[in-house]
1. Tell me the net charge near Gly85. Cut-off is 12 Å between Cβ atoms, Gly85 excluded, with +1 for each Lys or Arg and -1 for each Asp or Glu.
2. What whole-number distance in Å separates the alpha-carbon centres of the range 185-238 and the range 112-169?
3. Compute the longest continuous run of the chain that contains no exposed GluC sites (Glu not before Pro); treat a site as exposed when its DSSP state is not H, G, I, E or B and it has at most 14 other Cβ atoms within 10 Å.
4. Given H placed on each backbone N at 1.01 Å, which residues far from Leu124 in sequence or on other chains put an amide H within less than 5 Å of it?
5. Would you calculate a helix-derived [θ] at 222 nm for the chain, using -39,500 (n - 2.57) for each DSSP H run of n ≥ 4 and dividing by the full residue count, to the nearest 500?
6. Return a whole-number percent for the relative contact order of the chain, with Cα pairs under 8 Å and 6 or more residues apart as the contact set.
7. From the C-alpha coordinates alone, can you work out the Kirkwood hydrodynamic radius of the range 160-289, in Å?
8. State the antiparallel share, in %, of DSSP beta bridges confined to the chain, rounding to the nearest 5.
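The values are calculated or read from the model by the stated rules, or taken from the named source; none is laboratory data. None of the values given here were measured: they were computed from a predicted structure. Every residue, glycine among them, receives a Cβ derived from its backbone with ideal geometry; neighbour counts consider all protein chains shown. Quick note on the areas: whole protein, heavy atoms, side chains included, nothing else; ligands and nucleic acids left out. Shrake-Rupley method; radii C 1.70, N 1.55, O 1.52, S 1.80 Å.
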Amino acid sequence: MKLTRRHLGKLALAAIPGAAAVPRVAWAQKPARPNSKVAGVQIGLNVPYNFGGRDMNADELLDRILKLDVNAVEMRSQPVESFLGSPAADGRKADADAMRSWRATVSMDRVAAFRKKYNDAGVLIEIVKYDGIYNMADAEVDYCFNLARTLGARAISCEIDPKHTQRIGQFADTHKLPVAYHGHAATKPADWEAAFAQARYNWANLDLGHFVAGNNTSPVPFLKQHHVRISHVHVKDRKLNEGAVTPFGEGDTPIVEALRVIRDNKWPIQATIEFEYPVPAGSDRTAEIAKTIEYCRKALLS
């Protein structure tokens, strides 16, 4: 009989006392990648805001996102800039001039390293949120768009201010990257529509709960009318007439209907959970955020 390498290996193993009892080596499996895309709708988180602040160490933030099995986020700029060595990192005070000078020195190679850290873990940074962008010099606004694009974002976001949307919209058009304006209860549909008319890449970040609380009506008609100019919706529950933020399902916000409209029409709109209701006694933020994610999952799967 001709002996193959396989036969020789078996004979050699049989000659070793006790070798038959040696268990097979289990090759290490790669950890499962996070997945919060449900029925075609990308569920995301506003981070690190959902965890109680505007800044957080990049590794700690990533760990918290992964524990919630989320694979896409709206990322505030502060964790990224802290990773890059911002003079305002770790809660330090830095004035506008110091930040402006520092931003002029930032290498986009370092920004790409931040993106790789998150992408390798399976987390997409789809939107980058900027605070104070209206007070930035032109070169800084360009920097904001360049940083977002390098992170792989498909939009930036900021608070809406009708006095400044035309200027920022011009940068968005130049970079061909949408700026999604976030509205609060005082924001009316006409505020976004005026911004839409000013620039092609002026878009909306429609906050479902704030819309209900301030406009005393459903945000779904606005969502249907302007879906091509909406990058993401903030998912929270609020009551009518400037009512309180509540646990999901206890307010007047049609969360389920809005999510299903996005699902049924296959619109590329991130459903970004913005956690704001008080944490009940005996619970914690992570547990409550997990409940909101599960609420959205069930809505989309039924």
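1. Surrounding charge for Gly85 is +1.
2. One Cα centre to the other: 19 Å.
3. Between the exposed loop sites, the longest stretch runs 1-241.
4. Amide H neighbours of Leu124: Ala72, Val73.
5. Result for the chain, helices only: -12500 deg cm²/dmol.
6. Relative contact order comes out at 16 percent.
7. 15.2
8. Rounded to the nearest five, the antiparallel share is 10 percent.
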